[in-house]
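To start, the structure under review is shown below, and the notes come after it.
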Amino acid sequence: MGRRYIALWWLFVVLLAAEAHAAKEETAVVVGGEPGPRRHAYAAMMYMGTPRDYEFYVATRVMMRSLRGLSADADRVIRFNPCFVESVSFLLYLGLLSPVPYIEYQSFQVLSSSSIFRSGLQKDDGVKVVPVDNLKNPYEKQENFNSRFKLTLNKLYAWTLLSYDRVVMLDSDNMFLQNTDELFQCGQFCAVFINPCIFHTGLFVLKPSMEVFKNMLHELAVGRENPDGADQGFLTSYFPDLLDQPMFHPPVNGTKLDGNYRLPLGYQMDASYYYLKLRWSIPCGPNSVVTFPSAPWMKPWYWWSWPVLPLGLSWHEQRREHLGYSSEIPMALFQALLYIGVIAVNQLVRPSLSKLCYNRRMEKNTMSSLTTLRVVAALSILAAYLLPFVLVPRTVHPLLGWPLYLLGSFSLCSLVISFFLLHSLAVLTIWFGLIGTLFVMAFPWYMNGVVRALAVFAYAFFCAPVAWASLVKTMSSLQTLIERDAYRLGEPNQAVEFTKLY
């Protein structure tokens, strides 16, 4: 059974590699010969110089490629801010730098490699890449300001794209389900109200205007009210009457509207709406775009987001189809081989370890030795479960990320079991519990999200006593270990004698 599981997993890895190679071959064709300059654009902003540069780079590419796959009749524009690199791993991940000593790149500027960055996106994805300077955020010292919103005011640069009649400004966490070119018929400013009273700036339509842009800069300078210090707070303050505007319905004759409009909810379907019924039920407008305004570490491109969030797999299917996983698969394969090697070596060494023990001789410091050993063993078990989670490439496919994590945690747990002579089942109870949790959450035939949540809660409720019992058993086995003097701690002056247990 285990061999069959490993074989199926390796088959999945090979298929992913083939998809990545196919995607790479597809993007080798330079986009060219397009008819004339286009009057519309889908635009996105990349905020470089943050700890999550690579993840948002991948997300933006997937979104832009999905638009191309939907035959969007518009330019696709990415605007980014040249800045000093805070994470050299970003450039290494993109292949812009060769792995040489870090000191050489401590003051390396993205600007110096922006030509490579731009040519890659333009050649591979057919995207126009335009650098912009960061707009100073005057709300940084505001009491409720979140530092991750520091650069979001750069979105205002969308009003400077004067070569276009209309621009659809996008966040990277949008997933397009169908063509949305009808949005270019909307007026001067159009946005979706996810919240009943506050519109969402993950997608909005605008008519570029240098006059509006300069006025916005003036409003920033005079300190216009901004509830969250980000682009959304500023724009909701700048367009305070949008809630009172009519709903957008694209004219059948293709003409463009004037004025401001509310967009139907189908253009920004909050993923949380799906989780309630495990299906879409949006009454107004086409179900065109899914947005993920969740916590930063639960965005759909992270491998652990599925099956916690069911739609994470849908996003990864778009990535598999349009971009592939050529950046992550080599590291994932290396880790898998490393973990398999650890398991093999441990199986060879463990019989020798289990035959050796110290002669029994109780000492007065046994209790302190037991306490120390319990702490060390508990930390080792915790590290065995946490370390592989950190090492798995963050944006790998969940169906590759979870097996890789389980393989890594199993290999490290086997080391802990051998080193401390613990009961295997007690240490691996959490491991089996995680597998059960994945199956419960990934079960595809729940009636709705409420039933799914109750199932997960019931599973956790019944597993909690089992997990506690395994912890108690592990700690008691350590006490037995001390009593048998498997490890004699705190005896530097006494000779050590070894015997074999038969």
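The values are calculated or read from the model by the stated rules, or taken from the named source; none is laboratory data. Quick caveat, the model's predicted, so the values are computed rather than measured. So basically every Cβ, Gly included, is an ideal-geometry build from the backbone, and we count neighbours across all protein chains shown. What goes into the accessible areas is simple: the full protein's heavy atoms, side chains included, and nothing from ligands, DNA or RNA. Shrake-Rupley method; radii C 1.70, N 1.55, O 1.52, S 1.80 Å.
When SER119 is tested against (1) assigned to a helix (DSSP H, G or I); (2) open to solvent by 80 Å² or more (accessible area, probe 1.4 Å); (3) at pLDDT 55 or above, just one condition goes unmet, and that condition is (2). Every condition in (1) outside any loop (DSSP other than H, G, I, E, B); (2) under 17 Å from the mean Cα position of the chain (by Cα) holds for GLY324 except the one numbered (1).
Could you say whether any residue in the stretch 135-148 is at pLDDT 85 or above, surrounded by 17 or more Cβ atoms within 10 Å (Cβ to Cβ) and of a type in the set (Phe, Trp, Tyr)? Among the residues of the stretch 135-148, at least one is at pLDDT 85 or above, surrounded by 17 or more Cβ atoms within 10 Å (Cβ to Cβ) and of a type in the set (Phe, Trp, Tyr), which makes the answer yes. Identify, please: which residue in the stretch 292-308 is within 28 Å of CYS197 (Cβ to Cβ) and out of contact with any Pro (no Cβ under 7 Å at 6 or more places or on another chain) and is, among those, least open to solvent (accessible area, probe 1.4 Å)? Checking each candidate, the answer is PRO300.
Residues that are part of a helix (DSSP H, G or I), more than 15 Å from TYR139 (Cβ to Cβ) and in contact (Cβ under 8 Å) with a residue 24 or more places away in the chain were ranked within the stretch 197-228; the one that is least open to solvent (accessible area, probe 1.4 Å) is PHE213. Scanning the stretch 401-415 for residues that are among the aliphatic types (A, V, I, L, M) and modelled with pLDDT under 95 returns a single hit, LEU415. Filtering the stretch 270-291 to residues that are assigned to a helix (DSSP H, G or I), touching a residue at least 60 places away in the same chain (Cβ under 8 Å) and closer than 12 Å to ILE194 by Cα leaves nothing. Any chance the stretch 388-396 includes a residue that's open to solvent by 40 Å² or more (accessible area, probe 1.4 Å), of a type outside the set (A, V, I, L, M) and farther than 30 Å from ARG52 by Cβ? No, the conditions are met nowhere in the stretch 388-396. For LYS155, the conditions (1) under 26 Å from the mean Cα position of the chain (by Cα); (2) at pLDDT below 90 all hold with the exception of (2).
Being surrounded by 15 or more Cβ atoms within 10 Å (Cβ to Cβ), polar (S, T, N, Q), closer than 24 Å to LYS256 by Cβ and in contact (Cβ under 8 Å) with a residue 60 or more places away in the chain is not true of GLN178. Would a scan of the stretch 165-172 turn up a residue that is open to solvent by 60 Å² or more (accessible area, probe 1.4 Å), over 32 Å from the mean Cα position of the chain (by Cα) and more than 24 Å from VAL290 (Cβ to Cβ)? Checked against the condition, which is being open to solvent by 60 Å² or more (accessible area, probe 1.4 Å), over 32 Å from the mean Cα position of the chain (by Cα) and more than 24 Å from VAL290 (Cβ to Cβ), the stretch 165-172 yields no hits at all. Per this entry, ALA158 is counted among residues that are assigned to a helix (DSSP H, G or I), open to solvent by less than 10 Å² (accessible area, probe 1.4 Å) and either within 20 Å of LEU257 (Cα to Cα) or not polar (S, T, N, Q) (or both).
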